[in-house]
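Presented below is the structure to which this report refers.
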Amino acid sequence: MQKVISFVGLVAGASMLVTAANAADYTIRFHISTGPDQPATLAAERFAEAVEKRSDGRIDVNVYPSEQLGGEPDAMQNVRIGGIQLAFMSPGAIGNLLPDFLILNGPFLWEDWDTAKAVLNGPFGEEMFEKLRTQTGIRVLDPLWYWGWREMTADRPIRTVADLDGLKMRSPNIPIFVEMFRSLGANPTTVNFQEIYSALQQGVVDGEENPIPAIWSQRFYEVNPFISMTNHILQTNIIIANDMFFQSLPDDLKTIVQEEIVAAGKYNTELQMEAETALVEKIEAAGGTFVEDVDRAAFREATTTVYDSLADSWSDGLYARIQDAIAAAQAD
């Protein structure tokens, strides 16, 4: 059976983990940034159960939710050196290692989920993922763990670009998010995900942006009661693996891991999409107000400069290539 590990359990149960590791041929430490009851964590647990069962116990999977193995930058570096075998990672965080990945967190890049899936499962995605593997030793196992539409929250409605003027908006420490807020006239302030609530409460930042499930699970609506439906980013998260570890697996175990991570990703997507809809009423009942009359066209226009400002850090013609891939996907 898989184990969801707490920090206390990680320390106090070290001997138990050693025993478990010795009982299996291979051990996977799976980093998840979300809390124990969140879709990505539940999907990781399902992956763990399926892999352990299908491998007849040859693979032991330990799931570490809530960033117990560090924030995204630390976790990604640990995947790179092999201290962590699998991790749930945002494209922007991977972009700190290979800048081309930043574009996948670009504002108003995707029209819908089907387009994103087609592009990332097609030649454009394959080329990008192979570049990551050969240059960093990190393998993409599945690029399609749906995170959702990102919305802006604040202590006031955000309907127009002018409403963001001068606001201190929380940004992850990822260049494309920082540039996006600058293009909108806000003051981006980098804050770690687990520290957002206290930063809002203490006035370190005035607002933040995240998908609805994260707004609910982190209770951001308590300190930012207005949720403005900007739909500025449609984000998919990516399951990355240490390539040397993956290559060390026998072929039958590689197949099991690959098939089950994709199956778990579909389960995560199902849960996350359901939550996007179901949680609206819960947030409203808890005092949150959804702002629907957002001038998205103006937001889209204002953020077009983001792609130009980062172009020098990307491979030549990256933006044109992804636009061509999007056009091809939408034409099919």
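The values are calculated or read from the model by the stated rules, or taken from the named source; none is laboratory data. Since we're looking at a predicted model, the values are computed, not measured. Reconstructed Cβ throughout: ideal geometry from the backbone, glycine too, with neighbour counts over all protein chains shown.
Would you mind stating whether Ile215 is buried (at least 17 other Cβ atoms within 10 Å of the Cβ) and either part of a helix (DSSP H, G or I) or among the aromatic types (Phe, Trp, Tyr) (or both)? Yes, satisfied.
Taking the condition aliphatic (A, V, I, L, M), in contact with a strand residue (DSSP E or B) (Cβ under 6 Å, 6 or more places away or on another chain) and under 15 Å from Val140 (Cα atoms), does Leu69 pass? If you could, list the steps in order and put the result at the bottom.
Values: aliphatic (A, V, I, L, M): yes; in contact with a strand residue (DSSP E or B) (Cβ under 6 Å, 6 or more places away or on another chain): yes; under 15 Å from Val140 (Cα atoms): no.
Considered against the rule, which asks whether it is aliphatic (A, V, I, L, M), in contact with a strand residue (DSSP E or B) (Cβ under 6 Å, 6 or more places away or on another chain) and under 15 Å from Val140 (Cα atoms), Leu69 comes out as no.
Report yes if Pro157 is of a type outside the set (S, T, N, Q), in contact with a Phe, Trp or Tyr (Cβ under 9 Å, 6 or more places away or on another chain), in a loop (DSSP other than H, G, I, E, B) and more than 21 Å from Ile32 (Cα to Cα), otherwise no. Before you say what the answer is, go through the steps one by one.
Values: of a type outside the set (S, T, N, Q): yes; in contact with a Phe, Trp or Tyr (Cβ under 9 Å, 6 or more places away or on another chain): yes; in a loop (DSSP other than H, G, I, E, B): yes; more than 21 Å from Ile32 (Cα to Cα): yes.
The answer is yes for Pro157.
For segment 237-260, the count of residues that are buried (at least 21 other Cβ atoms within 10 Å of the Cβ), within 23 Å of the chain's Cα centre (by Cα), farther than 21 Å from Met89 by Cα and modelled with pLDDT of 95 or more is zero. In segment 305-332, the qualifying residues are those that are assigned to a loop (DSSP other than H, G, I, E, B), in contact (Cβ under 8 Å) with a residue 12 or more places away in the chain and not small (Gly, Ala, Ser), and the one that is surrounded by the most Cβ atoms within 10 Å (Cβ to Cβ) is Trp314.
Restricting to segment 239-267, name every residue that is small (Gly, Ala, Ser) and part of a helix (DSSP H, G or I). Even if it seems obvious, please write down each step before you answer.
Here is the first cut: in segment 239-267, the residues small (Gly, Ala, Ser) are 241, 248, 263-265.
Answer for segment 239-267, where residues must be small (Gly, Ala, Ser) and part of a helix (DSSP H, G or I): Ser248, Ala263, Ala264, Gly265.
Looking for something in a loop (DSSP other than H, G, I, E, B) and buried (at least 20 other Cβ atoms within 10 Å of the Cβ) - is there at least one such residue anywhere in segment 278-301? Scanning segment 278-301, I find at least one residue that is in a loop (DSSP other than H, G, I, E, B) and buried (at least 20 other Cβ atoms within 10 Å of the Cβ), so the answer is yes.
Residues in segment 179-204 that are part of a loop (DSSP other than H, G, I, E, B) and buried (at least 18 other Cβ atoms within 10 Å of the Cβ): Leu184, Ala186, Val191. Scanning segment 224-233 for residues that are in contact with a helix residue (DSSP H, G or I) (Cβ under 7 Å, 6 or more places away or on another chain) and surrounded by fewer than 22 Cβ atoms within 10 Å (Cβ to Cβ) turns up just one, Asn231.
Let me confirm something: among Phe129, Phe124, which residue is closer than 23 Å to Ile233 by Cα and over 17 Å from the mean Cα position of the chain (by Cα)? Write out each step before concluding.
Values: Phe129 fails: over 17 Å from the mean Cα position of the chain (by Cα).
Exactly one residue qualifies, and that residue is Phe124.
Could you please let me know if Asn96 is over 25 Å from Pro36 (Cα atoms) and either aliphatic (A, V, I, L, M) or at pLDDT below 95 (or both)?
Numbers: over 25 Å from Pro36 (Cα atoms): yes; either aliphatic (A, V, I, L, M) or at pLDDT below 95 (or both): yes.
When the stated conditions are applied, Asn96 passes them.
Can you name the residue in segment 77-91 that is more than 20 Å from Gly35 (Cβ to Cβ) and of a type outside the set (S, T, N, Q) and is also surrounded by the most Cβ atoms within 10 Å (Cβ to Cβ) among such residues? Residue satisfying both the conditions and the ranking: Val79.
On the stretch given as segment 155-178, residues that are crowded, with 24+ Cβ neighbours inside 10 Å, farther than 25 Å from Ile326 by Cβ and touching a residue at least 60 places away in the same chain (Cβ under 8 Å) total 1.
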